[in-house]
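All remarks here apply to the structure that follows.
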Amino acid sequence: MSEGGPKPSSSVKLVLLGEAAVGKSSLVLRFVNDDFQENKEPTIGAAFLTQKCNLPNRTIKFEIWDTAGQERFASLAPMYYRNAQSALVVYDLTKASSLTKAKHWVAELQRQASPGIVIALVGNKLDLTTQSTGLEGSMGGLSLSAAANSGADGDDDEEEEDARQVTTAEAKGYAEEEGLLFYETSAKTGHNVSEVFTAIANAIPESTLKTRGGPGTGRGGAGGSSGDTFGGTGGVNLSAAGETNKDACAC
Amino acid sequence: MNIESLNQTIWDAVIVGTGLRESILAAALTRAGKRVLHLDRNPYYGSEYTALSLDELETWARLHQADFHLPDLQDPPMLAKPRSYTLSLSPGLLYTTSPLLSLLVASGIHESLEFLRVGGWFIYRPDTGADETLTPVPNSREDVFNDQSLDPRAKRLVVRALKSILGLEGGSVADWTQKSLQEYLEQSSLHLPSRIISAFASLTLRHDRPGEIPFEEAERDIRNHFGSIGRFGPGFAAVIGRYGSGSELVQVFCRAAAVTGNAVYVLESDIMNIENNIPYPSWAVEKQFKHEDSIGIHLQLRSGDSIWARHLIATADNLPGGIPIVESLPKPLVEDRYWLSVCIVSNPLQNLLRTSEPPLAAGAVVYIPANALKEDSYLNTHPIYIFVHGSETGECPDGQSILYVSMKGDNKRFLDTAVNSLLNKVRDNNGSTGQILLSMKFENTVESRPLKEANRDSSLHILGKHTPLIEIPDAVLDQVIDIYGDIVGSRDTFMEKVEVEEGEPRDNKDTIFE
């Protein structure tokens, strides 16, 4: 570990799923680079990014697989959610059909992914709404004016009214039923983006982390490992391969 | 260009099957800018390299006439949920010196993979007291000298044999080229006992008896073993990938291909027909594909899609039978038959996973010599390997382990006998031996023709049948690089590194993004 002192470091595999154009890549871009691009091109295939998240008692390294929402053959997703510890299922809260698709993904994850997977349901594009239907208080600090302005990026410039099609109550109720984390975000303003990832990091069961290298199981004395210890428990750091073979000699 | 259009493209390569060689090729070709359509007839990735949950394994067993057995003794039931298991058809290890590992690092693909240590090698000895039934194979000269079971003279002889095999002694071993490992170790100046011979033989990971292993090959294997110790840390020579080893490797290569945006993946896709040297259709000639070649491969999929490709890469058994191109392929010369089993046992086998450095290793290799087990008054004719995967691999819950058993020929009943014999000798912390919670036994063949000799012409690249056993062989890479060179025109660009976007470390939720 190059920084953060002796805090244990764990890798967490995270997969993003959701309909095309709901803002999956934009959420990742905001989280990883704190950046936003208007009219971002669709993801082709998939993208892989990493991002460290410092919690009070440990460092989580997210290995993020951002999948293409428009993939026609539905053959890619299984390769990403396999052995993933967490999933971010994204819908566009200005497009009701995208929540239906998100529910399909949640069902597929519950059927096919690791039993302990932490799933967060995320309604993105909060900046396109003018109000947050009853949860203003708890959403904290939502800038209504900024949201209203960015609504003008849509096709309909005159449309002043709320573009929201999915109420907070509906999605939140569904998330509670299915035991999912739930957030409404704006990749554009950054609202709630880091909160989603932090919540996921906190929700990963200790036991899952332990098998990937939690506290107390660190590599005993196997010094000289710079950078990530990738897991830590039994994890072998391939990049730290000393070309020296000092104790290899049998005689 | 619309990436999702299967029909309106001339693919640089269509790859059929998602085994290891196919997946490495997909990653390498797409990184070189080639457009790849990667198909698999199964609803899962990996072909013969796949890993399955408990219920998927049951389905697999039914489709492959495997012997799936759930002993009727689980009260209370001890198996966890089906998806708590990742049962691998390719649990094999990689030596730390494996060129495949170097490739993973050089290409940056290792970033999303986790490798774990294989700790000890053990020899099963039926002829001793209970505590000594499993003897660790020495990893160093110190180990040899610390071995209580050897007298001083034997220690000197073992060290001498080891030094000479490793080429550390002046003397030449050239005279032994036509001899076996056993003959070498039994020569009059060494005259080592059978249990020492077993220890040397176990390091070759070969399923032949020591008397059948050519000395030259054994020498190479043993040198490789000792040369691998210490490369990534003290005390271990080999690693396995978490979550099923080979099956996980396959997945990362497929992901690496998909990430380039140059690959399209379609599972559950069957090929109905293949024709070669067919003129491309007029749209292709007119449109974007102004290429020197005017003929290619035409594939018909069951979905009705009509596919055009410059190259086709597949193992013969992933292609449809009964069509001229496939029927005209040369048949494999000799096939070795193996019995394999996958067992879930209710014993964490921690005593086998201890190493000189904590924490526990994830895997261990147990070698049962020929004639060590008895079944209906018959002895096992060939050595048996049990590759232990502990729960650290993520393949099973804590308190259990997965045993992957392999042997050549012989009677499949020895597979369970081997596991039970091992369990009887390795008690868990409560003194319990544990039991087999599930076993699946199946037969497989391995072409004796070297992997490297792929059957290729300029556009059809047919891979030899390959069954991963206890080691993922280096030779897979040679073959892959050959085909890559044929398609790309140069081997130099094989799997060049692609930068992964990595964010600055973020603090916890106090961080506000403006």
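Average accessible surface for the range B:140-224: 51 Å² per residue, computed with a 1.4 Å probe over protein heavy atoms with every protein chain in place.
Among the protein heavy atoms of the range A:1-130, carbon and sulfur supply 51% of the accessible surface, probe 1.4 Å, non-protein parts ignored. Rounded to the nearest Hz, the phi-derived 3J(HN,Hα) couplings of the range B:308-317 under the Karplus curve 6.51 cos²θ - 1.76 cosθ + 1.60 (θ = phi - 60°) are 10, 8, 7, 9, 10, 10, 6, 7, 4, 6, where x marks glycine and proline. Computed with a 1.4 Å probe on the full set of protein chains, the accessible area for B:LEU70 sits at about 90 Å².
Averaged over its residues, the range B:1-117 has an accessible area of 33 Å² per residue, based on protein heavy atoms and a 1.4 Å probe. A:GLU206 sits with roughly 100 Å² accessible to a 1.4 Å probe, with DNA, RNA and ligands left out of the calculation. Modelled label positions at A:THR167 and B:SER356, each set 7 Å beyond Cα in the direction of Cβ, lie 6.8 nm from each other. Solvent-accessible area of B:GLU268, all protein chains in place: 130 Å² (probe radius 1.4 Å, heavy atoms, ligands and nucleic acids excluded).
Using a probe of 1.4 angstrom, how much of the accessible area of the range B:140-224 is carbon and sulfur, in percent? Walk me through the intermediate numbers first.
Working: 1900 of 4340 Å².
Carbon and sulfur together cover 44 percent of it.
For A:ARG82, B:ARG156, the ranking by accessible surface with the largest value first comes to B:ARG156, A:ARG82, using a 1.4 Å probe. The string of couplings for the range A:194-204 from the Karplus curve (6.51, -1.76, 1.60, θ = phi - 60°) is 5, 4, 4, 5, 5, 4, 5, 4, 6, 8, 5 Hz, one whole number per residue in order, with x for Gly and Pro.
Ordered by 1.4 Å accessible area with all protein chains kept, B:GLU248, B:GLU217 run largest first as B:GLU217, B:GLU248.
Taking one equal scatterer on every alpha-carbon of chain B, how large is log10 of I(q)/I(0) by Debye at q = 0.09, 0.13, 0.14 1/Å? Results for chain B at q = 0.09, 0.13, 0.14 Å⁻¹ read -0.70, -1.28, -1.42. Remark: accessible area buried at the B-A interface is about 6000 Å², both chains counted, probe radius 1.4 Å. Shape index of the range B:140-224: Rg/Rh, with Rg the Cα radius of gyration and Rh the Kirkwood radius from the inverse mean 1/r over Cα pairs, equals 0.93.
Dipole check for the range B:140-224: with +1 at the C-beta of Lys and Arg, -1 at the C-beta of Asp and Glu, and the Cα centre as origin, the magnitude is about 240 Debye. Can you compute log10 of I(q)/I(0) for the range B:67-124 with the Debye formula, treating each Cα as one identical point scatterer, at q = 0.13, 0.17, 0.18, 0.22 Å⁻¹? Each listed q corresponds, in turn, to -0.64, -0.86, -0.90, -1.04.
Span-like helix check, chain B: qualifying full DSSP H segments, with Cα axial length of 15 Å or more and mean Kyte-Doolittle of 1.0 or more, are B:246-259, B:475-488. Sorting A:LYS95, B:LYS465, A:LYS61 on solvent-accessible area from highest to lowest, probe radius 1.4 Å, gives A:LYS95, B:LYS465, A:LYS61. Among the listed pairs B:LYS412/B:LYS465; A:LYS61/A:LYS103; B:LYS179/B:LYS374; A:LYS40/A:LYS188, which have their C-alpha atoms separated by more than 20 angstrom in this model? As for pairs spanning more than 20 Å Cα to Cα, those are B:LYS412/B:LYS465; A:LYS61/A:LYS103; B:LYS179/B:LYS374.
The values are calculated or read from the model by the stated rules, or taken from the named source; none is laboratory data. In this text the structure is predicted, and so the values were computed from the model without any measurement. Neighbour counts are summed over all protein chains in view; Cβ atoms, including those assigned to glycine, are modelled from backbone coordinates with ideal geometry. What goes into the accessible areas is simple: the full protein's heavy atoms, side chains included, and nothing from ligands, DNA or RNA. Shrake-Rupley method; radii C 1.70, N 1.55, O 1.52, S 1.80 Å.
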